[in-house]
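The values are calculated or read from the model by the stated rules, or taken from the named source; none is laboratory data. These figures come from a predicted structure and were not determined experimentally. Neighbour counts are summed over all protein chains in view; Cβ atoms, including those assigned to glycine, are modelled from backbone coordinates with ideal geometry.
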Amino acid sequence: MKILLIGANGQVGWECQRSFASLGKVIVLERQQLDLTDTQAIRDKIQHISPDIIVNATAYTAVDKAEQEPQLAAAINTLAPQVMAEEAVKLDIPLIHYSTDYVFDGEIGRAWTEEDKTNPQNVYGKTKLAGEQAIAATGAAYLILRTSWVYGARGNNFLRTMIRLATERDKVSVVNDQFGSPTWSRDLANATAEIMTQGIEQIADKSGVYHLTAAGKTSWYGFAQVIFEMLQQQGHNVAELTGIPSRDYPTPAARPAYSCLNNDKFKSAFNLQIPEWEGQVRLVMKSLADTD
Ligand SMILES: NC(=O)c1ccc[n+]([C@@H]2O[C@H](COP(=O)([O-])OP(=O)(O)OC[C@H]3O[C@@H](n4cnc5c(N)ncnc54)[C@H](OP(=O)(O)O)[C@@H]3O)[C@@H](O)[C@H]2O)c1
């Protein structure tokens, strides 16, 4: 199997590179080899490589900055995936793409299903949703895996920010009224690899949008509590942690208050699920301490 992995430097892409290694030949395109604002280059590279499957791990993920750069966010999150899907159609191959819980508005009392009405509250969410719709409109065989609150040992993410702040500051305030499911980048990459192991032919039959996050839910404050507790157990002096309402932490981009995703459709399609978020966070914290 020849896998084209677009974006190997981000949180998920980095882990995908690792998880896909045993599946076949993995061809990786990073920004230096392919700038996604150049749509002709996307077409040329895909046709030249002629893979059996494309996995797109790229995105414009700077949620607040996207409010100031909507055109760039749309180029990366909407147009580039559309072009990838168009080229996948020409080669008759599937595309695996990731999307976000931020396609929802957070006004619901249960975990969101794939059938629920989307209503993104910020530029990032709007451009990601438009990307999903653009992929579907090409007629490609695709899997769009909507995930949430991605963290890992590498990249810009909440876990790494909290580790830094916990040890640099005396006091840290974190919002306690936004709820979601922290999801380890490695779990996403492993689940994606498992889908491919099950056979890429099945993707055409199972084509569609799926929710794929860790099980369980918490607030950003709850997520931080586990990180702080682990740091303390590892012998660090940590800052005092306080939960605050979102209104006390204004950001340029609005975020949904509740963005837990229901993973049942993914579970039944692929017989696969990501474990509960808290155990995975502890695992990552432990592995970071072990590599210190
Ligand atoms: N992070 C989250 O909390 C979160 C939550 C829900 C869903 N998701 C989705 O999960 C997927 C993976 O996210 P992630 O957290 O792994 O993202 P990330 O760490 O921000 O990585 C994004 C990747 O996109 C690449 N990229 C951005 N602009 C590019 C351009 N113009 N040309 C070429 N490459 C470009 C980056 O390259 P450089 O490294 O060179 O900049 C990087 O490899 C995305 O679809 C994202 O929307 C993420």
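Here's the yes/no breakdown for (1) in contact (Cβ under 8 Å) with a residue 24 or more places away in the chain; (2) more than 30 Å from Leu4 (Cα to Cα); (3) away from the ligand (no atom under 11 Å from the Cβ):
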{"site": "Ile163", "(1), (2), (3)": "yes, yes, yes"}
{"site": "Asp177", "(1), (2), (3)": "yes, yes, yes"}
{"site": "Ala204", "(1), (2), (3)": "yes, no, yes"}
{"site": "Thr213", "(1), (2), (3)": "yes, no, no"}
{"site": "Leu241", "(1), (2), (3)": "yes, yes, yes"}
{"site": "Ser246", "(1), (2), (3)": "yes, yes, yes"}
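Note on segment 156-214: residues that are over 23 Å from Ile53 (Cβ atoms), within 22 Å of the chain's Cα centre (by Cα), in a helix (DSSP H, G or I) and of a type outside the set (Lys, Arg) amount to 5. Would you tally the residues in segment 63-114 being within 16 Å of the ligand (Cβ to nearest atom), more than 24 Å from Leu5 (Cα to Cα) and charged (D, E, K, R)? Residues flagged as within 16 Å of the ligand (Cβ to nearest atom), more than 24 Å from Leu5 (Cα to Cα) and charged (D, E, K, R) within segment 63-114 amount to 6. For segment 48-62, name all the residues that are more than 8 Å from the ligand (Cβ to nearest atom) and either of a type in the set (A, V, I, L, M) or free of Cβ contacts under 8 Å to residues at least 40 places away in the same chain (or both). Within segment 48-62, His48, Ile49, Ile53, Ile54, Val55 meet the criteria.
Set side by side, the residues Val55, Val28 differ, and just one is modelled with pLDDT of 95 or more, surrounded by fewer than 21 Cβ atoms within 10 Å (Cβ to Cβ), of a type in the set (A, V, I, L, M, F, W, C) and over 21 Å from Ala253 (Cβ atoms), which is Val28.
Okay, residues lined up against (1) farther than 16 Å from Gln280 by Cβ; (2) modelled with pLDDT of 95 or more; (3) not aliphatic (A, V, I, L, M):
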| site | (1), (2), (3) |
| --- | --- |
| Leu145 | yes, yes, no |
| Trp149 | no, yes, yes |
| Phe158 | no, yes, yes |
| Thr161 | yes, yes, yes |
| Arg164 | yes, yes, yes |
| Thr167 | yes, no, yes |
| Lys171 | yes, yes, yes |
| Asn176 | yes, yes, yes |
| Trp184 | no, yes, yes |
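Screening Asp116 on (1) surrounded by fewer than 22 Cβ atoms within 10 Å (Cβ to Cβ); (2) farther than 19 Å from Gly208 by Cα shows it passes everything except condition (2).
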